[in-house]
Amino acid sequence: MPLISIVVPVFNLENYISETLDSILKQTYTNFEVLVIDDHSTDNTVEIIKEYGVKDSRIKLLTNTRKKGVSGARNTGIFAAKGEWIAFLDGDDLWTDVALDVRVDCLNIYPETSFITADIACFSTDVKQAEASWVETNNDWNKCFGSALKLDTPSCIEKPIKTFLHSVTVWTGVVMIKSDLLKTLGGFDESLPAFEDIQLWMKVACHSDTLVFAPKTIAFYRQREGSLMHSAKAIHHYAPQAYMQLLKDPAFSQYKKQLKDNIRDFNLQNCFYYRKAKNYKQAFFWGLRSVYWQPFSFVAWKNLIACCLFR
């Protein structure tokens, strides 16, 4: 029964943090510590966390010395963690009662792994009305884990980086990773406002021989209007920056072609997104980047010309 450190970043979540902590404290697996990192909340979030800490000594409140954002908050938790494994749950999301147990059980079958994941579903207000899981609805997730879900047995992907170069099929709230590995990799890149999680999972996959999937929906991602996922920026706005940093990483030296292909694709996707949103300034910027990265691409030039014509 390894000690698991659960990292929970929070900022102004007084309406949600109690439900999140309750879902953690209901775990059937009990050998864990909860590191709740406050990123300078201005509401009642800290007081609520302190009350939980009095009730259960496994809950520990940490405070960033300055506002760092979600990546900085998670990093504070990573480097304070005492557990052999680290799991993550944002302060407004929820776990099922067996979220830890089903991942720890995977170690009985794959004891050498350092990277474990599971299935997830989204909800808005009532978790009982959650959507179908990502393995059921997302083609890439289904391709990786659909068979395991049907057979209801854990599965293992060898050399997960080869899969992730096509699509990163894990989510922060369901990963469980060896603590030593995360600390060696330096945690999340705090210079990235978004896509820092995808970048880190790429690094973990590159340094892991296996990725083990537990065929259970163990987490529920709360979709809120104020979240980053609902911002005006394209979902892949920071993806090229994140992948360009991976190009400089010696561990990815044999994957440079695939990384560059992804960057080209992200540039085009961002251009399409901003053209559709009629944000022609951003569309023109990404159109120029597309032409720079694909100077002989008809599609790239077509997009750039469309931006110039405000179309």
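Summary of values
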{"quantity": "Residue list for region 54-79, restricted to those being without any contact (Cβ under 8 Å) to a residue 12 or more places away in the chain and within 24 Å of ASP22 (Cβ to Cβ)", "calculated": "VAL54, LYS55, SER57"}
{"quantity": "Check on CYS122, surrounded by fewer than 20 Cβ atoms within 10 Å (Cβ to Cβ), closer than 21 Å to ASP209 by Cα and touching a residue at least 12 places away in the same chain (Cβ under 8 Å)", "calculated": "no"}
{"quantity": "Hits in region 248-264 - residues which are part of a helix (DSSP H, G or I) and either within 17 Å of ARG289 (Cα to Cα) or of a type in the set (D, E, K, R) (or both)", "calculated": "LYS256, LYS257, LEU259, LYS260, ASP261, ASN262, ILE263, ARG264"}
{"quantity": "Pairs with Cβ under 6 Å, 6+ apart, first in region 183-202 and surrounded by 21 or more Cβ atoms within 10 Å (Cβ to Cβ) and in a loop (DSSP other than H, G, I, E, B), second at pLDDT 95 or above and among the charged types (D, E, K, R)", "calculated": "PHE188/ARG74; PHE188/GLU196"}
{"quantity": "Some residue of region 290-299 being out of contact with any His (no Cβ under 6 Å at 6 or more places or on another chain), under 22 Å from ALA232 (Cβ atoms) and either surrounded by fewer than 19 Cβ atoms within 10 Å (Cβ to Cβ) or not assigned by TED's automatic domain parsing to the domain that holds PHE195 (or both)", "calculated": "yes"}
{"quantity": "Matching residues in region 79-103 - criterion: being more than 23 Å from LYS128 (Cβ to Cβ) and surrounded by fewer than 22 Cβ atoms within 10 Å (Cβ to Cβ)", "calculated": "PHE79, ALA80, ALA81, LYS82, GLY83, GLU84"}
{"quantity": "Those residues of region 142-160 which are within 21 Å of ASP209 (Cβ to Cβ), without any contact (Cβ under 8 Å) to a residue 40 or more places away in the chain and not small (Gly, Ala, Ser), in sequence order", "calculated": "LYS143"}
{"quantity": "All positions within region 139-167 that are assigned to a loop (DSSP other than H, G, I, E, B) and either surrounded by fewer than 16 Cβ atoms within 10 Å (Cβ to Cβ) or not assigned by TED's automatic domain parsing to the domain that holds THR217 (or both)", "calculated": "ASP152, THR153, LYS159, HIS166, SER167"}
{"quantity": "Residue within region 2-12 that is among the hydrophobic types (A, V, I, L, M, F, W, C), under 25 Å from VAL104 (Cα atoms) and more than 20 Å from the chain's Cα centre (by Cα) present", "calculated": "yes"}
{"quantity": "Criterion (outside the structural domain of ARG103 (by TED's automatic domain parsing), under 30 Å from GLU136 (Cβ atoms) and of a type in the set (D, E, K, R)) met by exactly one of LYS248, LYS276", "calculated": "LYS276"}
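The values are calculated or read from the model by the stated rules, or taken from the named source; none is laboratory data. The structure presented is a predicted model; accordingly, all values stated were derived computationally and were not measured. Note that we place each Cβ from the backbone using ideal geometry, even for glycine, and neighbour counts take in every protein chain shown.
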